[in-house]
Amino acid sequence: MKKDKFYFSVSTNAFQIEGGRNLHGRTDSLWDWFTKTYYHIPPVNSTAREINSIVEASDFYHKYPSDVKILSKLGVDAFIYNLDWARVFPTDGTKINPMGIQFYDRVFSELVAGNVKPIPILFHWDTPMWAEIKGGWTNREILTSFKNYCAAMFKYLGKYTDIWFVNDENKSFTVDGYLTGQFPPCFQDENAFVKAVHHLALSGAIAKAEFKKAKELGYVSPDAILGIDDDWSPPVIMAGVDADQKLIDNYNAWMRDLWLDPNLKGTYPQEFLDYIKSKKLDLKITPADLKLLQDNKLDFIGWNFYRPYFITSKTALIPEDQLHRPPGKLPFGDFQIVLPKNHPHYTKWMWPIAPQYLQEGLQGLKAKYDLPVFIVESGFGDFDDKSQELICDLDRIAYLQGMLTEVKAARTKDLNLIGYSIWTYCDIFSPSAGYRKDYGLVSVDFNSPIKERKPKLSYVWYQQVIESRGEDVTVNEKLLVKKLQELLKNWDIFLK
Ligand code: BG6
């Protein structure tokens, strides 16, 4: 990987964009099962977008050639893509589906031809059902299949890129999937939770061992790097509340270190080990497991930064009228996450808007790990009015302007930041809000049979930022509108 280069990028994820779920040998995964059975779009923002299914989503499966053109026009250096395991191994852990590999090979080769570096993430919450019915991540056997999957992806796609990630947000996947039951596999079981946490950590080490082999075999370039992606929200003690550094340390142990230490330091935070012991949970972390982690540390950090979390101690009694909602409680840790009314800016889904914590977060990561950091996800969920000729998503631009101002400042400091990627390239299926929450720089008309693409104002704004290599983050609405009008005049049939 070039050390002098900063990556401006966009990111997205297979089950949220790809569609083609029943095609060419693919079989169901957790999110297919979940969206077909239990998933209901939360009833906010009444619209025509009443689709639950991810069978088509944004139809990237068929539309990637035009999507790559749109990405090239945008000028991004990279495209971060969370791959679909079930497409490549649809029946078990050993038999590769040639059509699955061929699909990703075509996507990656088009990206490279379009001057966009593909950056793959191997796993983002979507376990194949053939593995899930055997216990999924609670069953250690999954690791043998995962090893074969990693080896295949490095072998067949290694020539396209020197930046890889193993896992995306093991925290969201295991907390929501195994503890709160909100997302698939919908468990509320602390034993299942700790097992999944440990097996996912081991999967990172196993991927690294395969990565080293792939380098020896010449599939992956010698200087290629493999990272882990986590969504740590830096903690901020709620204003007016009594709390100290101990609470911050406890929050960080649970919300950052547990997800990064095993793969970056080869250790678990003591808080996690005490939790297993005190609750008599059914997990043994053996010396051999720790050795595997220590021998196969990952090379760098992916960081999904959307927001900080406001916290208080779990026992703090905050008057109801000071909070937007009652605090969310987790079965671990001494902290609780709150939504204070004294914070002025939230998204429509009550995600705090506070880009000023980006640099503080980078400082925290540097102090703890001192490794390169790639911001993999950063984006603004909103409800865009797609009925207008021009989609002027000014609130999204304001949010991204805040982030990119921080990025610009961070790059002048010794904070190891190597890239910034917007979530997402185009509108997608959102786990928390279906098709009712838009993140894209490019609009997708989900009600059109061709899932028609159209750039938003934020697309031309990001284009300007990239052209200036991050220097020009100003927002001149009039000029941007003019640029978008020009772009739409030439938005030919091959881009739609
Ligand atoms: C991240 C996930 O945590 O949040 C993405 O990795 C997700 O998959 C993103 O889309 C935004 O969440 P939501 O629920 O608003 O779409």
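The values are calculated or read from the model by the stated rules, or taken from the named source; none is laboratory data. Note that the structure is predicted; figures quoted are calculated from it, not measured. All Cβ positions, glycine included, derive from the backbone under ideal geometry; neighbour counts span all protein chains shown. Heavy atoms of the whole protein, side chains included, go into the accessibility calculation; ligands, DNA and RNA do not. Shrake-Rupley method; radii C 1.70, N 1.55, O 1.52, S 1.80 Å.
The residue that is nearest to the ligand (Cβ to nearest atom), counting only those in segment 94-132 that are of a type in the set (Ser, Thr, Tyr) and open to solvent by 20 Å² or more (accessible area, probe 1.4 Å), is Ser109. In segment 434-474, which residues are hydrophobic (A, V, I, L, M, F, W, C), out of contact with any Phe, Trp or Tyr (no Cβ under 7 Å at 6 or more places or on another chain) and within 16 Å of the ligand (Cβ to nearest atom)? Correct list: Val444 only.
Total residues in segment 355-382 satisfying the condition of being over 20 Å from Gly440 (Cβ atoms), aromatic (Phe, Trp, Tyr) and open to solvent by 10 Å² or more (accessible area, probe 1.4 Å): the figure is 2.
With respect to (1) within 16 Å of the ligand (Cβ to nearest atom); (2) part of a loop (DSSP other than H, G, I, E, B); (3) open to solvent by 20 Å² or more (accessible area, probe 1.4 Å), the lone exception for Arg140 is condition (1). Can you tell me how many residues in segment 307-353 are in a loop (DSSP other than H, G, I, E, B), of a type in the set (Gly, Ala, Ser) and within 23 Å of Tyr439 (Cβ to Cβ)? Count: 0.
Those residues that are of a type in the set (Asp, Glu) and assigned to a strand (DSSP E or B), I need them from segment 145-189; list them, please.
Across segment 145-189, the qualifying residue is only Asp168.
In the set Ala207, Ala253, only one residue is closer than 29 Å to Lys134 by Cβ and more than 16 Å from the ligand (Cβ to nearest atom); that residue is Ala207.
Is it true that some residue in segment 413-424 is over 24 Å from Phe6 (Cα atoms) and out of contact with any helix residue (DSSP H, G or I) (no Cβ under 8 Å at 6 or more places or on another chain)? Before you say what the answer is, go through the steps one by one.
Within segment 413-424, the first condition is being over 24 Å from Phe6 (Cα atoms), and the residues that meet it are none.
For segment 413-424, residues over 24 Å from Phe6 (Cα atoms) and out of contact with any helix residue (DSSP H, G or I) (no Cβ under 8 Å at 6 or more places or on another chain): absent.
Taking helices (runs of 4 or more DSSP H) that fall entirely within segment 383-496, which contain at least 1 residues that are open to solvent by less than 30 Å² (accessible area, probe 1.4 Å), in contact with a Ser or Thr (Cβ under 7 Å, 6 or more places away or on another chain) and over 16 Å from Leu74 (Cα atoms)?
394-411
Note on segment 290-317: residues that are within 16 Å of the ligand (Cβ to nearest atom) and open to solvent by 30 Å² or more (accessible area, probe 1.4 Å) amount to 2. Being over 23 Å from the mean Cα position of the chain (by Cα) and without any contact (Cβ under 8 Å) to a residue 24 or more places away in the chain: is that true of Pro344 here? So Pro344 fits the description; yes.
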